[in-house]
Amino acid sequence: MIEISAEAWAVMVEHARSYYPNECCGILIGNETSGKREASVAIACRNAYEGVQKDRFLIDPKDQIAAERKSRELGLGVLGFFHSHPDEAAYFSETDLKNHWPFYSNVVMSVRSGEVRDAKCFRVDVDQTASEEEELLWPKS
Amino acid sequence: MAKILIPTPLRQFTGGADSVEAVGATVGEVLGALTTAHPDLKKNLYNDEGKLRSFVNIYVNDEDIRYLSKEATEVAAADTVSIIPSIAGGR
């Protein structure tokens, strides 16, 4: 289970809006205690995919290095990543499955007409052959 | 000894350590020392042919080794080696 803080969620929503109708992406930082993850910080990243960004994204490794540094400074860790699906449901696609690592929480936001309508979270198994939905809590108001 | 930053998913193979110091003059040697000390990491970093997996990015400080000398890239004791997962996707 992962819970997104109000501050982190605000960053994610604004990033998804600003990138619409393209896919946005970013990094989630926080901590994990007794199996519960709390993402307190969301880092909005540039979509580094060189092509049509309405259905693809790539996180620049340099943004990941910066996020890793920031998380260590804060005494936290990188918990996962987020991206948006413009005018599509919040699901974990085959492309997502092949390009995400196990362990991480991967939040997918459904954005329709520029507004975030839904979000789901997924984790990838160790062989990257299947994903499982992870309970996701985010501020609804 | 160079410092290797371990990403969260791989810390289960380093006894929970978020960084490991390893001896070596090149990236290949440093990663070799790392996987010798923590053998379970090997299958996560290398494929069956012994090459770095395509979704594993290795950086020395802020530079991608693909644009340097790959695994022959020289590493100094003060350098930091980062293992960065390639994260991408879409609909």
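Data for the structure
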{"quantity": "Segment A:82-96: number of residues that are over 14 Å from A:Glu133 (Cα atoms), in contact with a Phe, Trp or Tyr (Cβ under 7 Å, 6 or more places away or on another chain) and facing chain B (nearest Cβ under 9 Å)", "calculated": "2"}
{"quantity": "In segment A:18-46, the residues that are within 21 Å of B:Asp64 (Cα to Cα) and surrounded by fewer than 23 Cβ atoms within 10 Å (Cβ to Cβ)", "calculated": "A:Arg46"}
{"quantity": "Residue in segment B:33-41 that is under 22 Å from A:Ala67 (Cα atoms), within 14 Å of chain A (Cβ to nearest Cβ) and not aromatic (Phe, Trp, Tyr) present", "calculated": "no"}
{"quantity": "Pairs where the first residue, in segment B:35-47, is in contact (Cβ under 8 Å) with a residue 12 or more places away in the chain and the second is open to solvent by less than 30 Å² (accessible area, probe 1.4 Å) and assigned to a loop (DSSP other than H, G, I, E, B), C-beta under 8 Å, 6+ apart", "calculated": "B:His38/B:Thr14; B:Leu41/B:Thr14"}
{"quantity": "Residue count, segment A:58-109 (criterion: modelled with pLDDT of 95 or more, of a type in the set (Ser, Thr, Tyr) and open to solvent by 10 Å² or more (accessible area, probe 1.4 Å))", "calculated": "1"}
{"quantity": "Criterion (β-branched (Val, Ile, Thr), surrounded by fewer than 16 Cβ atoms within 10 Å (Cβ to Cβ) and within 13 Å of the chain's Cα centre (by Cα)) met by exactly one of B:Thr26, B:Thr14, B:Thr36, B:Thr80", "calculated": "B:Thr36"}
{"quantity": "Neighbours by Cβ (under 6 Å, 6+ apart or cross-chain): first from segment B:54-73, at the interface with chain A (Cβ under 10 Å from one of its Cβ atoms) and under 19 Å from B:Ala88 (Cα atoms); second outside any strand (DSSP E or B) and not β-branched (Val, Ile, Thr)", "calculated": "B:Phe55/B:Ser86; B:Val56/B:Leu45; B:Asn57/A:Pro61; B:Asn57/B:Ser86"}
{"quantity": "Only one of A:Asp118, A:Asp125 that is more than 10 Å from chain B (Cβ to nearest Cβ), open to solvent by less than 60 Å² (accessible area, probe 1.4 Å) and at pLDDT below 95", "calculated": "A:Asp125"}
{"quantity": "Residue ID - farthest from A:Arg46 (Cα to Cα), chosen from residues in segment B:74-91 that are within 13 Å of chain A (Cβ to nearest Cβ) and among the hydrophobic types (A, V, I, L, M, F, W, C)", "calculated": "B:Val81"}
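The values are calculated or read from the model by the stated rules, or taken from the named source; none is laboratory data. All values derive from a computational prediction rather than experimental measurement. Glycine gets a Cβ as well: all are built from the backbone with ideal geometry, and neighbour counts include every protein chain shown. With ligands, DNA and RNA removed, areas are computed over all heavy atoms of the protein, side chains included. Shrake-Rupley method; radii C 1.70, N 1.55, O 1.52, S 1.80 Å.
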